[in-house]
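Participant: Here's a structure for you.
The values are calculated or read from the model by the stated rules, or taken from the named source; none is laboratory data. Since this is a predicted model, take the numbers as computed values, not measurements. With ideal geometry, Cβ positions are generated from the backbone for all residues, glycine too; neighbour counts draw on all protein chains shown. SASA here: full protein model, heavy atoms, side chains in, ligands and nucleic acids out. Shrake-Rupley method; radii C 1.70, N 1.55, O 1.52, S 1.80 Å.
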Amino acid sequence: MENQTKPPDPRPDAPPEYNSHFVPGPPGTAVPPPAGYPGGLPMGYYSPQQPSTFPLYQPVGGTHPVQYQPGKYPVPNQPVPITWMPGPTPMANCPPGLEYLVQLDNIHVLQHFEPLEMMTRFETNNRYDIKNNSDQMVYIVTEDTDDFTRNAYRTLRPFVLRVTDCMGREIMTMQRPFRCTCCCFCCPSARQELEVQCPPGITIGFVAEHWNLCRAVYSIQNEKKENVMRVRGPCSTYGCGSDSVFEVKSLDGVSNIGSIIRKWNGLLSAMADADHFDIHFPLDLDVKMKAMIFGACFLIDFMYFERSPPQRSR
């Protein structure tokens, strides 16, 4: 078939037939590659003739390729590792899991921001990170309330908060029962209350609201509902543009024991549920009372700083 000649094209303006055969010419003189370009390619570029060359950029004059240090730059979409506070040894006369509070005189309560809650107007369970001054995680607090209760009662909802440690063990439970607010505010049945259990199932105290015309007032009680300390809030609990300080005082109101400070985070504090609390108490305070001040922070958050998603107007 290759030896057959093709008939001439009958068209007068047809181009000449293309001949794909060529005759190679004599080899030319070899030109050496310029300095710094072995094999004719820049240093660091992959060449099929150099299978051992790794395709990494290497600056001229360097001896090692530029690489990232292991662990220095996390892989995208990889969760950032959580640094936990070192676990303390068990102590006598200390409920299991509260050994962390024995070593601390200040903790930070950081609420998770839920953008989906703002967009869908669907109330979700609150979550909090508890950290020390070294930004180490101490506890994780998670709300455990069903969808109907959250969205029907909103900020007045009864709730259960579960406190877990680095091992995922539930070391504390906080429960708020439902209280009707339809009657007079001074009625005892309308006052809010929080029960703290540590370990879960064993009550160590209560946080009880007291009616006051001007400010928020609470009593911190032991397991027998005997008043031990008082919490006194500011006249303006919302604190728009500034921090809101809730002072923890003795029963006579003379001695300052500690404080619960709701930090002002700018526009985020005004429009979303992403509260930040600083809790201060003496280092040598009874660890159960530290846990009670810690629990009072969440009752204050739900009563004064929890914002329900806006309802659709009809």
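Participant: To the nearest 10 Å², what's K249's accessible area with a 1.4 Å probe?
Facilitator: We get 30 Å² for K249.
Participant: Under a crude label model (7 Å from the Cα following the beta-carbon direction), how far is L251 from E170 in nanometres?
Facilitator: 3.3
Participant: For D243, enumerate residues with amide H under 5 Å from its amide H, sequence gap 5+ or separate chain, H modeled in the peptide plane.
Facilitator: Sorted by chain and number, the residues that satisfy this are W264.
Participant: Working with all protein chains in place, sort L285, L213 by solvent-accessible area computed with a 1.4 Å probe, largest first.
Facilitator: Details: L285 40, L213 145 Å².
My answer, sorted largest first, is L213, L285.
Participant: Please give the net charge around V138, taking every other residue with its beta carbon less than 14 angstrom from that of V138, where Lys and Arg add +1 and Asp and Glu add -1. Working shown, then result.
Facilitator: Values: positive: K131, R169, K290; negative: E99, D105, D129, D135, D165, D278.
Residues near V138 contribute -3 overall.
Participant: Also: Sticking with the crude label model, points 7 Å out along Cα→Cβ, report the distance from M91 to L116 in nm, one decimal please.
Facilitator: Computed distance between label sites M91 and L116 equals 3.9 nm.
Participant: Turning to a different aspect of this structure: I'd like the FRET efficiency for N132 and A152, computed as 1/(1 + (r/R0)^6) with the beta carbon distance as r and R0 of 35 Å, rounded to 0.05.
Facilitator: Numbers: r = 37 Å, r/R0 = 1.05.
Once rounded, the FRET efficiency stands at 0.45.
Participant: Could you provide, to the nearest whole Å², the per residue accessible area of the range 98-305 with probe 1.4 Å? Each step should come with its number before you reach the end.
Facilitator: Working: 9230 Å² over 208 residues.
Using a 1.4 Å probe on heavy atoms only, each residue of the range 98-305 averages 44 Å².
Participant: Net charge within 15 Å of P86 by Cβ-Cβ distance, Lys/Arg positive one each and Asp/Glu negative one each, not counting P86 itself? Working shown, then result.
Facilitator: On the way: positive: K131; negative: E99, D135, D165.
Once positives and negatives cancel, what remains is -2.
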